[in-house]
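**Q** The structure is given below, and queries will be raised subsequently.
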Amino acid sequence: MREIRKIIIHCTDSQWGNVEIIDRWHKERGWDGVGYHYLILNSYPTYRSLKDRRPEPENDGLIKEGRDLEKIGAHCRGHNLDSIGIALVGVNTFSKAQIYSLQKLIKVLLKQFHLSINNVYGHYEFDNRKSCPNLDMEWFREMLNF
């Protein structure tokens, strides 16, 4: 297993999506498939569900595996080697279920890789041109203490 020192949170910058769709988008960019290790879904897994205004609440907050943890991610330039990438499906508004699932997943990963909340970052903390994941990371890190 590669050494993990960071967990980096992202958003997909799309109001809809699932692992298969993100995988296709990333391949279209020339990457080796989905760049995130985990994806946390919202209620709109496809464009059709969003366009037709037919949410699929059973998907909200589901944690889906993306790239295998053994493989280096493709989610944060210069920080992929020693990190795990987690993306929330959405732009700047996330459901309670998504935030709860993110919190739960990160707590498991912190324990598994012997990390602390100081090892959890938002993408924007490595690239000031980005706002991703559009979460107040100071607030989120405090939430991990509960």
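We did not get these values from a lab; they are worked out from the coordinates using the rules stated. This is a predicted model, so every value here is computed, not measured. Cβ coordinates were reconstructed from backbone atoms using ideal geometry, including for glycine residues, and neighbour counts include every protein chain displayed.
**Q** Which residue pairs have Cβ atoms under 6 Å apart, sit 6 or more places apart or on different chains, and have a first residue in the range 31-52 that is farther than 17 Å from residue 65 by Cα and a second that is surrounded by 24 or more Cβ atoms within 10 Å (Cβ to Cβ)?
**A** 50/44
**Q** Report every pair of residues separated by at least 6 positions or lying on different chains whose Cβ atoms are under 9 Å apart, first residue within the range 97-124 and under 15 Å from residue 85 (Cα atoms) and touching a residue at least 40 places away in the same chain (Cβ under 8 Å), second among the β-branched types (Val, Ile, Thr) and assigned to a helix (DSSP H, G or I).
**A** Listed pairs, sorted by first residue: 106/117; 110/117; 120/106.
**Q** If I ask for residues that are surrounded by 13 or more Cβ atoms within 10 Å (Cβ to Cβ), out of contact with any Cys (no Cβ under 6 Å at 6 or more places or on another chain) and part of a loop (DSSP other than H, G, I, E, B), which ones from the range 101-146 would you list?
**A** 113, 115, 127, 130, 131, 135, 144
**Q** Could you please give the count of residues in the range 118-146 that are in contact with a Phe, Trp or Tyr (Cβ under 6 Å, 6 or more places away or on another chain) and among the polar types (S, T, N, Q)?
**A** 1
**Q** Considering (1) farther than 22 Å from residue 68 by Cα; (2) of a type outside the set (Asp, Glu); (3) more than 13 Å from the chain's Cα centre (by Cα), say which one residue 119 fails and leave the rest.
**A** That leaves (1) as the condition not met.
**Q** Can you pull out the residues in the range 93-111 that are β-branched (Val, Ile, Thr) and touching a strand residue (DSSP E or B) at 6+ places or on another chain (Cβ under 9 Å)?
**A** In the first step, residues of the range 93-111 are kept if they are β-branched (Val, Ile, Thr); the result is 93, 99, 106, 108.
Result: 99, 106.
**Q** Kindly establish whether residue 8 is in contact with a helix residue (DSSP H, G or I) (Cβ under 8 Å, 6 or more places away or on another chain), crowded, with 22+ Cβ neighbours inside 10 Å and hydrophobic (A, V, I, L, M, F, W, C). Walk me through it before giving the result.
**A** On the way: in contact with a helix residue (DSSP H, G or I) (Cβ under 8 Å, 6 or more places away or on another chain): yes; crowded, with 22+ Cβ neighbours inside 10 Å: yes; hydrophobic (A, V, I, L, M, F, W, C): yes.
Yes, satisfied.
**Q** Let me ask something else. Given (1) in contact with a strand residue (DSSP E or B) (Cβ under 9 Å, 6 or more places away or on another chain); (2) under 28 Å from residue 119 (Cβ atoms), where does residue 23 come up short, assuming only one miss?
**A** Failing condition for residue 23: (1).
**Q** Identify, by number, the condition in (1) surrounded by fewer than 16 Cβ atoms within 10 Å (Cβ to Cβ); (2) in contact with a His (Cβ under 7 Å, 6 or more places away or on another chain); (3) not polar (S, T, N, Q) that residue 85 doesn't meet.
**A** With (1) surrounded by fewer than 16 Cβ atoms within 10 Å (Cβ to Cβ); (2) in contact with a His (Cβ under 7 Å, 6 or more places away or on another chain); (3) not polar (S, T, N, Q) applied to residue 85, the lone miss is (1).
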